Every structure is written in C-alpha cells, then in structure tokens.
Amino acid sequence: MKREISDKTILDKFIKDFAKILEKYGKYIVVSGFVAIAHGRTRGTEDIDIIIEKLPREKFILLHKELENNNFECMQSNDPLIIYNDYLSQDLSVRYIKKGTFVPEAELKFAKDSIDEYQLKTRKKLPLTGLDIYFSSIETNIAFKEELLKSNKDLEDAKHLRIIYSDSLDEKEIEKIKKEIKRLRLK
C-alpha cells in the first residue's frame with residue numbers, strides 16, 4: 001500500500017488554501033513566525049501573518065466573498081464593509097479561520113507604509129519550505145525580528161533563519177531594512 005501525505009502540517013494546508021485565493025486579488029506575503037516554522041523551526045503558533053497590498057473596497061468585497069465561499073470566515077465580522085472600513089483601512093488586522101474551527105488563523109492586514117510596500121515588491125517563493133506561496137525575503141524577516149520585535153521567540157526565529165541561509169544572506173540588505181524600521185516604525 002502506498003501512502004502519500006500531501007501537506008506537512010495543518011498550517012501548511014491552511015496557508016496554501018488561503019494564499020490560492022489571495023493570489024487572484026493582488027500581491028500578498030507571509031511574514032513573521034511562520035517563515036521560521038516553514039523552514040523547520042519547531043515552535044508553536046496558531047496564526048499566520050499575512051500582508052496584502054491595499055485593495056479598493058470593491059475588490060476586497062470580492063476577495064472576502066470568495067474566502068467565505070471557500071469555507072473561511074472573518075472573526076471580526078461577516079460584513080465586508082465593516083472589515084474594510086473599520087479594520088483594514090485603519091491599519092488594523094483581521095483574522096480569518098476555517099468555519100467551525102478556531103485555529104489556525106490567518107492574520108491579514110493591508111500594507112501600511114513603504115517598508116510593507118518594499119516587502120511586497122521583493123517577495124519570494126522560498127523553495128526550502130516546500131510551499132508554493134510568497135514570503136517576504138529572509139533578510140526582511142531577520143531585520144524585523146532583530147530590530148523591531150525582539151522577543152526571545154523572535155530572536156530565536158532570526159537565529160534559525162541565519163543558520164539556514166548562512167551562505168546566502170545579504171547583510172547590507174538586512175542593515176538597510178533595519179535603518180528603515182528605525183526611521184518609520186521606531187520613531
């Protein structure tokens with residue numbers, strides 16, 4: 001008997017299904033903890049952080065309806081106008097789950113500044129993850145974790161990514177992004 005496992009984890013299946021829909025409506029990136037987890041770091045998480053380009057209201061409504069039609073629901077509201085006007089347009093994130101479950105969650109937010117726009121512009125598919133989805137660059141993830149987030153968990157994530165990509169990291173790029181984080185997020 002031949003056994004085949006198509007998805008490594010519940011998180012992998014969830015993000016593949018979610019990203020497949022996002023891709024139809026604009027650019028997106030997966031950022032933060034799931035980047036390290038997708039590279040083999042063992043640690044828990046219940047959410048996958050996603051940044052999407054700012055969408056016009058009408059396009060977001062179509063995206064939301066397609067998510068609903070594919071068994072996703074927004075925890076903040078079922079009304080796409082409330083989600084758009086009261087959350088996403090105010091630089092607040094919203095959480096989507098599969099109907100009837102509580103985890104995992106997609107924490108979705110619009111790009112809010114030039115750093116997020118840069119992340120979307122330089123997004124990559126990272127073959128080492130085995131996932132056909134877009135991530136922010138490894139350099140960007142390291143910069144955010146070391147310069148802005150700085151929790152023990154984030155610093156360990158950055159260390160893990162530094163080990164995995166030790167032969168290909170662009171330290172100048174990391175420093176450039178850290179400088180922008182200081183300028184825009186730590187003022």
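Before moving on, here are some points about what is shown:
- From phi via Karplus (6.51, -1.76, 1.60), per-residue ³J(HN,Hα) for the range 77-89 in Hz, x at Gly/Pro: 5, 8, 8, x, 5, 5, 4, 5, 6, 8, 10, 4, 6
- Prolate/oblate/rounded call for the range 137-177, Cα gyration tensor, a/c under 1.5 rounded: oblate
- In percent, rounded to a whole number, the relative contact order of the chain is 22, using alpha-carbon pairs under 8 Å and six or more apart.
- Amide hydrogen proximity for PHE110: with H placed 1.01 Å from N in the peptide plane, the residues at 5 or more positions away or on another chain lying under 5 Å are ILE52.
- The range 119-135 - phi-based ³J(HN,Hα) in whole Hz, Karplus 6.51/-1.76/1.60, Gly and Pro as x: 4, 5, 5, 9, 4, 9, 8, 10, x, 5, 7, x, 10, 8, 9, 8, 10
- Sorted by Cβ neighbour density within 10 Å, fewest at the top, the residues LYS179, LYS112, LYS187: LYS187, LYS179, LYS112
- Residues GLU58, GLU175 arranged by fewest to most Cβ contacts within 10 Å: GLU58, GLU175
- Entries in LYS109/LYS179; LYS121/LYS145; LYS125/LYS178; LYS145/LYS187; LYS150/LYS172; LYS13/LYS182 that, when Cα-Cα distance is taken, lie over 25 Å: LYS13/LYS182
- Coupling constants for the range 12-29 follow from the phi torsions by the Karplus curve (6.51 cos²θ - 1.76 cosθ + 1.60, θ = phi - 60°), and in residue order they are 4, 4, 4, 5, 4, 5, 5, 5, 4, 6, 3, 4, 6, 10, x, 6, 9, 9 Hz; glycine and proline get x.
- Cβ charges +1 (Lys, Arg) and -1 (Asp, Glu), total dipole of the range 10-137, debye: 440
- Centre separation in Å (Cα based) which lies between the range 33-57 and the range 145-174: 15
- For the chain, the spread of Cα positions along each principal axis, largest first, Å: 56, 43, 27
All of the numbers you see were taken from the coordinates with simple rules; none came from a lab. Please read all numbers here as calculations on a predicted model, not as lab measurements. Glycine gets a Cβ as well: all are built from the backbone with ideal geometry, and neighbour counts include every protein chain shown.
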